[in-house]
Amino acid sequence: MGTPRGSTLRLQSLISIALFLTFQNAGSFYLPGVAPEDFHMADPLYVKVNKLTSTKTQLPYSYYSVPFCRPEKIIDSRENLGEVLRGDRIENSPFVFKMRQPEMCHVLCRVVLDEKTAKAFKDKIEDEYRVNMILDNLPLVVPVRRLDPESPPAYQQGYYVGVKGQYTGSKDEKFFIHNHLSFTVKYHKDLQFDSARIVGFEVMPYSVKHEYEGEWTENTRLTTCDPHAKRTVTNSNSPQEVENKKEIIFTYDVEFQVLYFETLFRTLGRQAFFVGILILPGWGWSRTFES
């Protein structure tokens, strides 16, 4: 028996309200009602970056106010009135994936810090700034492990620029940057067609002191990161410290995870994916590392 139209509309209304409340509380820039795209195998997926945000300072900064890897030309990528009215600073980025084609250990760029750029990163880490990204109008989130296995999935929006911590046996506080990102793109596959729609965009950030042999060139292979391995990072015992004259190599992985919920997705759209999840506010944290 089909679902009565009135019941379907009421369910859609309830989900819309739940989504609005959830993402308003999270300060999200996700816009229900903006149509998702249909992607085919190997279609390019362009990741956009938004402003850096901090619950500690409440003062946003442009993503490119710190020396992250840049595209050849930075372009304002806001696409609708809501993004403009909210003051979003959405720009293009050098992160480009290919739909349903995993990639390991992609080297984005190498940056050598000076006093000014090192201070810029340290200031953002000290003030607990988070990096916000968007893929097909969905916000980047970090999965949060919960003690109760029966609890709904929980996420934090965006990832921390870095963390403060100490090496084992030392009381000196250091700053470490998240320079390796492991992305997961979740998608819904249409069983009747070859197209797919993105329903989730997640990341796990890592601080990795990448290593390589010889002089750095465009074709240098990292010894800490194997593009042919399933493991994201190998043979690295140290995190990437932020300091004057230090080099930082930015890398990322991307994997794709298919989700099947055919009838519900066709009826309600990808908003259904977010029902029942919890977006947690950011909190400060630090780590202790082995020297």
Being at negative phi and surrounded by fewer than 19 Cβ atoms within 10 Å (Cβ to Cβ) narrows it down to one residue among Ser207, Ser170; which is it?
Ser170
Could we say that Lys56 is at pLDDT 50 or above and assigned to a strand (DSSP E or B) here?
no
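Out of region 213-229, which residues are surrounded by fewer than 22 Cβ atoms within 10 Å (Cβ to Cβ) and either in contact with a His (Cβ under 8 Å, 6 or more places away or on another chain) or over 23 Å from Thr117 (Cα atoms) (or both)?
Result: Glu213, Gly214, Asn219, Thr220, Arg221, Leu222, Thr223, Thr224, Asp226, Pro227, His228, Ala229.
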In region 114-162, what residues are surrounded by fewer than 17 Cβ atoms within 10 Å (Cβ to Cβ), among the small types (Gly, Ala, Ser) and assigned to a loop (DSSP other than H, G, I, E, B)?
Ser151
Any residue at all in region 143-153 that's over 21 Å from Glu37 (Cβ atoms) and at pLDDT 90 or above?
yes
Looking at (1) surrounded by 14 or more Cβ atoms within 10 Å (Cβ to Cβ); (2) over 29 Å from Asp136 (Cβ atoms); (3) modelled with pLDDT of 95 or more, can you tell me which one Glu247 breaks?
(1)
Considering every residue within region 184-199, establish whether at least one is of a type outside the set (A, V, I, L, M) and either at pLDDT 95 or above or touching a Gly at 6+ places or on another chain (Cβ under 7 Å) (or both).
yes
Out of Pro139, Pro205, sole residue that is within 23 Å of Lys246 (Cβ to Cβ) and either in contact (Cβ under 8 Å) with a residue 40 or more places away in the chain or in contact with a helix residue (DSSP H, G or I) (Cβ under 8 Å, 6 or more places away or on another chain) (or both)
Pro205
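Quick one: would you say Gly165 is surrounded by fewer than 21 Cβ atoms within 10 Å (Cβ to Cβ) and in contact (Cβ under 8 Å) with a residue 12 or more places away in the chain?
Against the criterion (surrounded by fewer than 21 Cβ atoms within 10 Å (Cβ to Cβ) and in contact (Cβ under 8 Å) with a residue 12 or more places away in the chain), Gly165 qualifies.
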Given the conditions (1) in a strand (DSSP E or B); (2) touching an Asp or Glu at 6+ places or on another chain (Cβ under 8 Å); (3) not aliphatic (A, V, I, L, M), and given that Lys209 satisfies all but one, which numbered condition is not satisfied?
(1)
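State all residues of region 90-105 that are part of a strand (DSSP E or B) and either more than 15 Å from the chain's Cα centre (by Cα) or within 29 Å of Gln58 (Cβ to Cβ) (or both); if no residue qualifies, say none. Lay out the reasoning, then the answer.
Residues of region 90-105 part of a strand (DSSP E or B): 91-98, 101, 103-105.
Glu91, Asn92, Ser93, Pro94, Phe95, Lys98, Gln101, Glu103, Met104, Cys105, listed by residue number.
The values are calculated or read from the model by the stated rules, or taken from the named source; none is laboratory data. These numbers were taken from a predicted model, which means no experiment stands behind them. Glycine also receives a Cβ, built like all others from the backbone with ideal geometry; neighbour counts cover every protein chain displayed.
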